[in-house]
Structure formats: C-alpha cells, structure tokens
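Presented below is the structure to which this report refers.
The values are calculated or read from the model by the stated rules, or taken from the named source; none is laboratory data. What you see is a predicted model, and the numbers here were worked out from it, not measured in a lab. Quick reminder, even Gly has a Cβ in these numbers, built from the backbone with ideal geometry, and neighbours come from all protein chains shown.
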Amino acid sequence: MEFYRRKLPHWQISGAEYFVTIRLAGTLPGQVIQELKELRKKVVKIDAEKIPVSNQDKLKRNIESKFFKKYEELLDQATTGPTWLRENGVAEIVKEALHFRDNEVYELYAYCIMSNHVHIVFRHLDNESISGKNNNHKELLPVTQLLKNLKSFTGLEANRRLNRTGSFWQEESYDRLIRNEKELENVILYTINNPVKANLVSNWKEWPHTFCKT
C-alpha cells in the first residue's frame, strides 16, 4: 500500500476501489478552505495511546464524514468561483476523457459532472488486470498520477474551448478508499443522486452528465 500526503492524506492500493471528487480552481474561498483544514487536522491529532484502536477508526471516519458533508454543501451551492462545467461542450470533454480511460487505467463504475465539480467512482486496475487485457505489460499509474493526467488533459481542452488560460482544476483532489461492498453501493448512489440532492432534477437519469455502469 502506498501512502501519499500533500494537503490531504491519500491511501493508494493497486486494484482497490475509490471515490474521487475533483473541483474547479477557485471554487471555495480561502476562509472556508482554512476551516476545512482545521477539521481535517483533528484526524491527525487523535491520540493513539489514549483512544482504543477499535474506536480510532470510527472517530476518524466520523470526522471525515463531517469534512466531506461540509465540502459538498459548499460545492453544491456554487455561490463562489467558476461554474465552467455548466457549458455542455466543456462537460462533454470531461465525459469523453472519463470513458476513454475506462478499462485502461481504471474500471469506471459511476460519475456525475456538476457545474463546478465531478464525482468519480472506479476500481483502480492493478498490473495483472492491465497485462491480461492487453497481452503486454503497461506501467501501473498510481491514483494521484492518473487523476493528474486526467485533469491536465481536460483542463487544457476546456481552456481552449473557453478561450482562456490559467488553472482549470484545483490542484488537490479528494479521494477516498472504499472499504467494502456496502460503502461502494453508498458512494455510487451518492454520486448519481448528486443532481437530485441539489434539486436540479427529480431523477438521476434526467441529468445529462451522469453515468452508472450496469
């Protein structure tokens, strides 16, 4: 298992399943980002010696849940920052890129493209899956690298369409390792129902930029 840390902690396991959120650059104000950072710090400050191991995971996941809930509420409101993904052509660039990578670097389960962020659920392909599919060995990309490649390509193409320059995506992504089948089901349902929760449609199938593998 590879551990990676920048502003947010990332646990990366080849062949594992992930729930990822990427957002447009500048979608959250600095004060809000600082508040979210303080909430995240509580996970790091949990004292392993004072809190039983059996309770540590539960406490960490409760804090993580509060963090993500706040994070999502702010993104869904879309009251600050750009909303370039509202443009159908820009959303299509992201959609095509997500499908292009399906069965190449991940197995795509679901996604939802909102006005300022994207949710993605996938299984990260391991070396055995990649080699077996293509009959040759391809380099396995860590989750952070495949997301970087996805954002780099789509950001460049979207900027061309929008006739703009500068950062398109926020550099940092939110990625969560999915631990079991129940959690996988929950994050897929959460992903496809994001537009319903935001009162944009009454049924997830009505949203033009939502996908769920059948």
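What to note about this one:
- Residues of segment 75-111 that turn out to be touching a helix residue (DSSP H, G or I) at 6+ places or on another chain (Cβ under 6 Å) and in a helix (DSSP H, G or I), as a count: 8
- Tally of residues being within 18 Å of I192 (Cα to Cα), in contact (Cβ under 8 Å) with a residue 60 or more places away in the chain and either surrounded by fewer than 16 Cβ atoms within 10 Å (Cβ to Cβ) or hydroxyl-bearing (S, T, Y) (or both) across segment 64-87: 1
- Candidates are the residues of segment 106-128 that are more than 15 Å from the chain's Cα centre (by Cα) and under 24 Å from N186 (Cβ atoms); the one that is modelled with the highest pLDDT is L125.
- Just so you know, in segment 10-32 the residues that are over 17 Å from H124 (Cβ atoms) and over 13 Å from the mean Cα position of the chain (by Cα) include one that is modelled with the highest pLDDT, and it is A25.
- Residues within segment 150-170 that are within 15 Å of V118 (Cβ to Cβ) and of a type outside the set (F, W, Y), tallied: 8
- When N163 is tested against the conditions (1) without any contact (Cβ under 8 Å) to a residue 40 or more places away in the chain; (2) touching a helix residue (DSSP H, G or I) at 6+ places or on another chain (Cβ under 8 Å); (3) surrounded by fewer than 14 Cβ atoms within 10 Å (Cβ to Cβ), the lone failure is (2).
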